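Trainee: Following this message is one structure expressed as structure tokens.
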Amino acid sequence: MGIVNVTPDSFSDGGRFLDHAVALAHARKLIVDGADILDIGGESTRPGAEPVSEAEELARTVPLIAAIRGQSDIPLSIDTMKPSVARAAVRSGATMWNDVSALTWSPDSPAVAAELGCEVVLMHMRGEPRTMQADPRYDDVVKEVAAELLARADAAIAAGVARDRIWLDPGIGFGKTMDHNLTLLRRLDELSALGFPVLYGASRKATIARSDPPATNADDRLGGSSAFALAAARAGAAAVRVHDVRETRQALAVQAAIETEAAPS
């Protein structure tokens, strides 16, 4: 899943693709680089991010989705908490709703997800972006994240979302410390075993700089991002959400070749 942030304030590439033509060119590049899905977002959810109005989010994302759909049949995901934005995005060609609030931002979200009939990513987050990293605490982060995601999946199914349309995302960096993030990765197979495809996203995140302090700039975190993606794929993630599509595909291809050669004939 390649990331296209149409925002001025995303932690990694805020402002870089805010212009429609530049964003469209970036989307085309990610397709050429081998993305299987593009994730289009018009509101930053980095720690401390301020909310964006519905009108602004629609203006940033919907024309881009329509333009990409006019040039490619690649699956498109809308990264939004707002059901009205999801509805407009699907109408313009999106095929997935990636919701960091796990359909809790609005009481209407589960019903809208059922109405749209698209795939839905339920991501785990404690709190909301402005405050989620203040003091996150868990007794057992994996068991608690799993239980809370299953509860959201049950709520979506009760609202009419087909079970086979639901994905789960552990929400790396969303109300979690570095230790929480690493524990979730080490035990990601426990989330994969829940019976839903898992989307994993740690690309360029600050948790990489905790292991490599010089990587204060998000652009300097390709190595760490690749390490996370490889480990997630090995643990059963169905997709990895990344900024660097070409490099991640290469790392995954080499890992697959190594494991194929190592497998008994």
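The values are calculated or read from the model by the stated rules, or taken from the named source; none is laboratory data. Just so you know, these numbers come straight off a predicted model, no measurement behind them. For neighbour counting, all protein chains shown are included, and Cβ atoms are generated from backbone atoms with ideal geometry for every residue, glycine included. Accessible surface areas use protein heavy atoms only, side chains included; no ligands, DNA or RNA. Shrake-Rupley method; radii C 1.70, N 1.55, O 1.52, S 1.80 Å.
Trainee: Just wondering, is there one or more residues in the range 16-29 that are modelled with pLDDT of 95 or more, open to solvent by 20 Å² or more (accessible area, probe 1.4 Å), assigned to a loop (DSSP other than H, G, I, E, B) and in contact with a helix residue (DSSP H, G or I) (Cβ under 7 Å, 6 or more places away or on another chain)?
Mentor: No, that holds for no residue.
Trainee: Does Ser101 qualify as being among the polar types (S, T, N, Q), modelled with pLDDT of 95 or more and over 22 Å from Gly2 (Cα atoms)? Even if it seems obvious, please write down each step before you answer.
Mentor: Values: among the polar types (S, T, N, Q): yes; modelled with pLDDT of 95 or more: yes; over 22 Å from Gly2 (Cα atoms): no.
Spelling it out, it is not the case that Ser101 is among the polar types (S, T, N, Q), modelled with pLDDT of 95 or more and over 22 Å from Gly2 (Cα atoms).
Trainee: Could you tell me how many of the residues in the range 115-128 are assigned to a loop (DSSP other than H, G, I, E, B) and touching a strand residue (DSSP E or B) at 6+ places or on another chain (Cβ under 6 Å)? Break it down into steps so the answer makes sense when it comes.
Mentor: Going through the range 115-128, the residues assigned to a loop (DSSP other than H, G, I, E, B) turn out to be 117-118, 124-128.
Restricting the remaining residues to those that are touching a strand residue (DSSP E or B) at 6+ places or on another chain (Cβ under 6 Å) gives 118.
Going through the range 115-128 one residue at a time, the tally reaches 1.
Trainee: Could I ask something else about it? Restricting attention to the range 101-114, which residues are open to solvent by 10 Å² or more (accessible area, probe 1.4 Å) and either within 24 Å of Asp33 (Cα to Cα) or part of a loop (DSSP other than H, G, I, E, B) (or both)?
Mentor: Those that are open to solvent by 10 Å² or more (accessible area, probe 1.4 Å) and either within 24 Å of Asp33 (Cα to Cα) or part of a loop (DSSP other than H, G, I, E, B) (or both): Ser101, Thr104, Trp105, Ser106, Pro107, Asp108.
Here is a yes/no grid of residues against (1) of a type in the set (D, E, K, R); (2) on the phi > 0 side of the Ramachandran plot; (3) buried (at least 24 other Cβ atoms within 10 Å of the Cβ):
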{"position": "Ala35", "(1), (2), (3)": "no, no, no"}
{"position": "Leu38", "(1), (2), (3)": "no, no, yes"}
{"position": "Gly48", "(1), (2), (3)": "no, yes, no"}
{"position": "Ala55", "(1), (2), (3)": "no, no, no"}
{"position": "Val62", "(1), (2), (3)": "no, no, no"}
{"position": "Gln71", "(1), (2), (3)": "no, no, no"}
{"position": "Ile78", "(1), (2), (3)": "no, no, yes"}
{"position": "Trp97", "(1), (2), (3)": "no, no, yes"}
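Trainee: If you go through the range 80-95, how many residues are open to solvent by 40 Å² or more (accessible area, probe 1.4 Å) and part of a loop (DSSP other than H, G, I, E, B)? Spell out how you get there, then give the answer.
Mentor: Kept after step one, since they are open to solvent by 40 Å² or more (accessible area, probe 1.4 Å), are these residues of the range 80-95: 87, 91, 95.
So of that shortlist, the ones also part of a loop (DSSP other than H, G, I, E, B) come out as 95.
Going through the range 80-95 one residue at a time, the tally reaches 1.
Trainee: Among the residues of the range 230-249, write down those that are assigned to a helix (DSSP H, G or I), open to solvent by 20 Å² or more (accessible area, probe 1.4 Å) and more than 14 Å from Gly2 (Cβ to Cβ). Even if it seems obvious, please write down each step before you answer.
Mentor: Taking the range 230-249 first, the residues assigned to a helix (DSSP H, G or I) are 230-234, 245-249.
When the remaining residues are screened for being open to solvent by 20 Å² or more (accessible area, probe 1.4 Å), the result is 230-231, 233-234, 246-247, 249.
If the condition is that a residue be assigned to a helix (DSSP H, G or I), open to solvent by 20 Å² or more (accessible area, probe 1.4 Å) and more than 14 Å from Gly2 (Cβ to Cβ), then Leu230, Ala231, Ala233, Arg234 are the ones that fit.
Trainee: Related question: List the helices (runs of 4 or more DSSP H) that sit entirely inside the range 146-219 and contain at least 1 residues that are aliphatic (A, V, I, L, M), open to solvent by less than 20 Å² (accessible area, probe 1.4 Å) and in contact (Cβ under 8 Å) with a residue 40 or more places away in the chain. Don't jump to the end; show me each part of the working.
Mentor: Numbers: elements: 178-186, 188-192, 207-211.
Helices (runs of 4 or more DSSP H) meeting the threshold: 178-186, 188-192.
Trainee: Given Thr131, Thr45, which one is part of a loop (DSSP other than H, G, I, E, B), modelled with pLDDT under 95 and in contact with a Phe, Trp or Tyr (Cβ under 8 Å, 6 or more places away or on another chain)? Walk me through it before giving the result.
Mentor: On the way: Thr131 fails: in contact with a Phe, Trp or Tyr (Cβ under 8 Å, 6 or more places away or on another chain).
It is Thr45.
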